[in-house]
Structures are given as C-alpha cells and as structure tokens.
Amino acid sequence: MSSETISLYNWREIQSKLPFAWQWDVEYHVTNAKRGGQHGSWTCTPLEPDKQNPYPLTIAGGPVVLPVEYRWPPESGITPPPDPRATTPIDCRATLPLELVKDLFLTFQDSIGFYVLINGLLQVIVPGDYDTSWASSHLPHRYGGLKVCYIEQDVEPTMLPSATDTSRATTSGSPVGSHDISGIFRPASLSTQSVTRYPSLKLNDFIEARPLSNHRRERFSGRVGLRVAQADLEPLVVMSTHVITEAILAKSHRDTIFSRGLDNRFKKLEDDWNEHVEIWAGDKKIGTIQKTFDREVKLYPVGFKYDITLIKPSSPTMVEDIASPVANLGWLHQKSWDSLRQQTSTVKILADTESTQSGKSIKCSRPSDVLVVGEGIFLNQKAAAGSSKSLKDHDASTWNDLVSRALLYRVYPDFDPPNGHSGTALYADGVREDGTEGPGIVGFQSFVQRCGKVQSFDMEGPALERRLQLGVVAFYGAFEVPSELKQYDIV
C-alpha cells in the first residue's frame, strides 16, 4: 500500500484494498496550503465507536485523522452566514497567528477552544449548555475554508486511575505483546532492599500525588517526564500538574459536601500544594512540589496552560538514574514546534530503547509511532472572566496569556490503556532554543480525546470504566513547553 500514490482520482481504488472491517470508515480529502498548494489526508469516522480497529497512522503515505464525533453540515433552521474568510483560506497545517486565534474566539463566542485538524476540520469546543442549534443557524459553517462543527468539552487527563496500586505493579507480572506500546514504560517496581534505601526512579516510572489526611486513601499517578537542572542547583523532576491538582480536589471532595458551595473545593488550589498532597514513587515519599507553571487552574483542563510542575527530590540519589536515552537532548524552538504539523511524522516518544526491546514491544524511536494530526487551542476561562475588559478589547500580549496551545497526535500501536501516561515526554529533531540542530523536547503528554461522546452513556462504576477503556481514541494532546523551563538543562 505504501508504494501507491494517492490522488483525488484513485483514492477509492486504494480504499477498496483496505481491510473490509473498516474500509468504509475512511474517506480522502484535500485541503488548501500556502502558496496555492494542497494537502491530502484521510478522515476516519468509525461506524462503531466502541470497536477497536487497528487504524493505521497513514494510508499510502497520507495521514489518517480520527476527529471527535460530529455532525456535518450542522443542522440549522435558517441559512447561515457565508465564510467570513473565503478569500483568505487557512492552511490547517500551519500555525495560527494570534490575531486569527482572537478572531476565532470572537466569532464563536462562549466557546472553550478549538481543534484545528490537518484534514481541514475546525472542531469548536463548547460547554454542555451551549446552544448549538442557534449557532448552526447564526454562525458560519465554514471559516477560512475549514469545515466548522461543534463538540462538547469531554477531554480526559491521561493520569492513572487512583484504584491502581503502582507500587506493586511489575513488568514481569503482565507480559507485553509486540503490539502493546505501553510496554515501553517500566512501572515503579521496587525490591525490598531498594525500598529500605530509596526508590530507584528511572525515566517514565510512575510518580504519584497522594492526598494528605484523606479517608479514601486515593492516589493519582503519572509518569516521570524528565530530570532537569539549572546552574549548580540540585536537579528537579518534571511531572504533570493535573496529577497533583486532581489529588487536591479529591482531598477536598468530602469537605465540599458539607460546605456552602463548589467554590470552596477550588480554594485549596490557591494554597501551597504541599499542604494538601505528598509526592510518592513506589512505597516512599520522594520529594516536594518546587514550582508549577499552572497557577490559574481549576477542574482539568480549565486554566491549564502547560500542565507542567517541578518536583524537588528529598535526596539527589533518588533521581540519579533518571536520564534521557537520547544524547544531546535539548528544547525544541517555537518555530520548529509550529512546523510539526507540516511534517506530521517526526515526533517520537522519549523512552529507553533497550528496555523497550527487552520488553518485546515496539521501538520508541520509530518515526511512524506518532502522527501529528493538528493543534488544540484553549481559552483560559478563569483569566478571561477575571478581566474587566471584554475579549475584543485585549491586546496581543494579553491574548498570548489567555490562550494555551497543544500538539494533537495519534499513536500506533495505541497505549493500552490510554490512561496512565501523563507526563511522558515527546521529542523531535529540529532547530532548538540554542540555535543548534538536533533532538528537542516537544512537550509532555497531558490528555486524551475520544472519538465518541462518553458522557452521553447512562452508566457508572465498572460499566463506565469498561466504556472508557473501549472508547476509540481520536488523539492525544501535549501542551507547549514554557519558555522558563527551557532555561533548564536536561540531564
């Protein structure tokens, strides 16, 4: 299949050669590119959102995009207004300028954010009470040539559910098949001797946030992302912010039941987070929260700009084995980050290739393991609501603070399960912050977006957990790296 070339004339012939189980789930599209060119891609819309089909990342060289379930065209009672940017089409693989982002939020008012996918789809993220019927009649169905559709906010953080005991999980306890990407990660398995001393942490081990004085003994887990250092200071560990904030919110859940309102639950997020949670790995507390790059957070993903927090280890020996398996790893420059959507297949998962091979799972460095499918743009609702100005009156510098951006990507074979990998680092080759060429960090895995609407199912407990596991993954997301973090050296 890879030897064939796709065109608008032969894509149906290529489609006929695909596996019968899902050949009718895909369709080929072309989108506008800068300087009058065109891009081609496949759009996959599973007829059975619960059925796990092995959709490839590419078909005959064309990227395969799985959007969130949507209706097109949107149902409207009256004729909607025309495309306001019909004469200036948008290249969906190029970065969106801040002025264009501002215009999007002003055009689609009350929206939470957008997914701009490389197949020419603009998915407008809206709250559950959003009047999509009114919007379908009074707002354009196309914007800069992109097809507009509306989806509800149901993004999931990729932390591990609290029911999982990461301190007892072992690699040998559950064999990993050659098509299980989760095998590239090593659970924090500790011998009796190492627990007596210190946990022997390595890259991608589980790292936990445990609520203090919580009667339910909950724990929330992500992955060790990196070890970084600055000048002659002690090294710090990178982990996902939402793992910590979810633990804090869980701790305050019981208090909320007896309080006057939900706002009291979020007040703890304004405190010193060390007063409410402890950071553990395996069976030992390993450090304290040193710094977070997300101070305006509420319930995920509201207020998350980077989803990155730095942990100060209790002892340097606890983290001395956390090291990048890629030599000379730096931070990817913003311009290189912006161009990732034009290349689509250059991003890789940062993992130890030796442990990957010994675990009989795929090699993490194979370019086809990750496919970039678009960009997510989110509005910091808390910051926007706290301003005395309307959105249209903000200048460019303010809009830069109001907006967070995330790289959207597919993984094949997929994570199994998709949760439990928050904080996993991604890297790509390109121009780095110091001006040199080489491998640079793109970001850290933060969320997963399903194809279907999980919240529309009336179920709970094990049934809901099963539905979450079966739901087809549309894509994952990793936020940008803050410029301040790029001042640190990667160890």
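The values are calculated or read from the model by the stated rules, or taken from the named source; none is laboratory data. Treat the numbers as computed from the prediction; the structure is a model and nothing was measured. A quick note on method: Cβ atoms are made from the backbone with ideal geometry, for glycine too, and the neighbour counts reach across all protein chains shown.
Among the candidates ASP91, ASP83, ASP131, which residue alone is among the charged types (D, E, K, R) and without any contact (Cβ under 8 Å) to a residue 24 or more places away in the chain? Can you show your working first?
Values: ASP91 fails: without any contact (Cβ under 8 Å) to a residue 24 or more places away in the chain; ASP83 fails: without any contact (Cβ under 8 Å) to a residue 24 or more places away in the chain.
After ruling out the rest, the residue left standing is ASP131.
Condition check: touching a residue at least 40 places away in the same chain (Cβ under 8 Å) and either more than 23 Å from VAL448 (Cβ to Cβ) or surrounded by 15 or more Cβ atoms within 10 Å (Cβ to Cβ) (or both). Does THR309 satisfy that? It would help to see each step written out before you state the result.
On the way: touching a residue at least 40 places away in the same chain (Cβ under 8 Å): yes; either more than 23 Å from VAL448 (Cβ to Cβ) or surrounded by 15 or more Cβ atoms within 10 Å (Cβ to Cβ) (or both): yes.
Yes, satisfied.
Condition test on PRO413, is it at pLDDT 70 or above, surrounded by fewer than 23 Cβ atoms within 10 Å (Cβ to Cβ) and not aliphatic (A, V, I, L, M)? It would help to see each step written out before you state the result.
Numbers: at pLDDT 70 or above: yes; surrounded by fewer than 23 Cβ atoms within 10 Å (Cβ to Cβ): yes; not aliphatic (A, V, I, L, M): yes.
The answer is yes for PRO413.
Identify, please: which residue in the stretch 416-443 is surrounded by fewer than 17 Cβ atoms within 10 Å (Cβ to Cβ) and not acidic (Asp, Glu) and is, among those, nearest to PHE220 (Cα to Cα)?
Among those residues, the one meeting the criterion is GLY438.
Report whether or not ILE349 is in contact with a Cys (Cβ under 9 Å, 6 or more places away or on another chain) and modelled with pLDDT of 80 or more. Quick ask: steps written out before the conclusion?
On the way: in contact with a Cys (Cβ under 9 Å, 6 or more places away or on another chain): yes; modelled with pLDDT of 80 or more: yes.
For ILE349, the condition - in contact with a Cys (Cβ under 9 Å, 6 or more places away or on another chain) and modelled with pLDDT of 80 or more - is met.
Filter the stretch 391-406 for residues that are among the hydrophobic types (A, V, I, L, M, F, W, C) and surrounded by fewer than 17 Cβ atoms within 10 Å (Cβ to Cβ); which is nearest to ASP338 (Cα to Cα)? Step through it out loud before you land on a result.
Residues of the stretch 391-406 that are among the hydrophobic types (A, V, I, L, M, F, W, C), as a first pass: 391, 396, 399, 402-403, 406.
Cutting the leftovers down to surrounded by fewer than 17 Cβ atoms within 10 Å (Cβ to Cβ) gives us 391, 396.
Working: LEU391: 25, ALA396: 18 Å.
So, considering only residues that are among the hydrophobic types (A, V, I, L, M, F, W, C) and surrounded by fewer than 17 Cβ atoms within 10 Å (Cβ to Cβ), the one nearest to ASP338 (Cα to Cα) is ALA396.
Going by the conditions given, is GLY435 more than 21 Å from VAL238 (Cβ to Cβ) and part of a loop (DSSP other than H, G, I, E, B)?
Here the answer is yes, as GLY435 does meet what is asked.
Name the single residue that is modelled with the lowest pLDDT among those in the stretch 276-293 being in a loop (DSSP other than H, G, I, E, B) and buried (at least 22 other Cβ atoms within 10 Å of the Cβ). Walk me through it before giving the result.
Step one: filter the stretch 276-293 for residues in a loop (DSSP other than H, G, I, E, B), giving 276, 282-283, 293.
Checking the rest, the ones that are also buried (at least 22 other Cβ atoms within 10 Å of the Cβ) come to 276, 282.
Numbers: HIS276: 93, GLY282: 83.
Filtering the stretch 276-293 for residues that are in a loop (DSSP other than H, G, I, E, B) and buried (at least 22 other Cβ atoms within 10 Å of the Cβ), the one modelled with the lowest pLDDT comes out as GLY282.
Which one is modelled with the highest pLDDT, of the residues in the stretch 34-85 that are more than 22 Å from the chain's Cα centre (by Cα) and of a type in the set (Ser, Thr, Tyr)?
Filtering the stretch 34-85 for residues that are more than 22 Å from the chain's Cα centre (by Cα) and of a type in the set (Ser, Thr, Tyr), the one modelled with the highest pLDDT comes out as THR79.
Of (1) of a type in the set (A, V, I, L, M, F, W, C); (2) over 19 Å from the mean Cα position of the chain (by Cα); (3) closer than 23 Å to GLU48 by Cα, LEU104 satisfies all except one. Which?
(3)
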